[in-house]
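Every number here is computed from the coordinates shown, using simple stated rules; none is lab data. These numbers were taken from a predicted model, which means no experiment stands behind them. Cβ coordinates were reconstructed from backbone atoms using ideal geometry, including for glycine residues, and neighbour counts include every protein chain displayed.
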Amino acid sequence: METRNVIFSVVMVFSAFVLVYKVVYEYGSAKEDPVIVMSAVILIGMMAILFLSIDERLRKIERDISDKERSLRVSMQSVEEEVRDKVDTTTRRLEEIREDIMKRGYR
């Protein structure tokens, strides 16, 4: 988790607390209920944790994709080198056979 994301989450929770506190105690009914304020703060806190969790999961998926891409790239290079070696070997062998046929044909 980045520090920036944690700071944003704390600010989000604090802002929710202040907003709900102001709304309930200044514009609310005569019955002041701290449960409303705390439930709103808990709700926003859970949303902040959810956002952080999603961010962390996306980072993990990104790392996994990057690792698989790197692995695939290395595998492709390995296959490319094998194919190149086989084609070179076959080309040399065909060239030898062609030269042998040309020598026999001119005799």
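Applying a 10 Å radius around every beta-carbon, put 80-90, 43-53 in order of their mean neighbour count, most first.
Numbers: 80-90: 10.0, 43-53: 14.2.
Highest mean packing first, the order is 43-53, 80-90.
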For residue 103, the aspartates and glutamates lying under 19 Å Cα to Cα, once residues fewer than eight places off in the same chain are dropped, come out as 95
Computed D for the chain, Stokes-Einstein, Kirkwood radius over alpha-carbon pairs, 10 °C, 1.306 mPa s, to the nearest µm² per second, is 78 µm²/s
In nanometres, the difference between 0.36 nm per residue of separation and the alpha-carbon distance of residue 19 and residue 86 is 16.9 nm
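Restricting to DSSP H runs of at least four residues, report the calculated mean residue ellipticity at 222 nm for the chain, -39500 (n - 2.57) per run over all residues, nearest 500 deg cm²/dmol. Display every interim value, and only then the final one.
Working: 2 runs with 98 residues, N = 107.
Per the formula, -34500 deg cm²/dmol.
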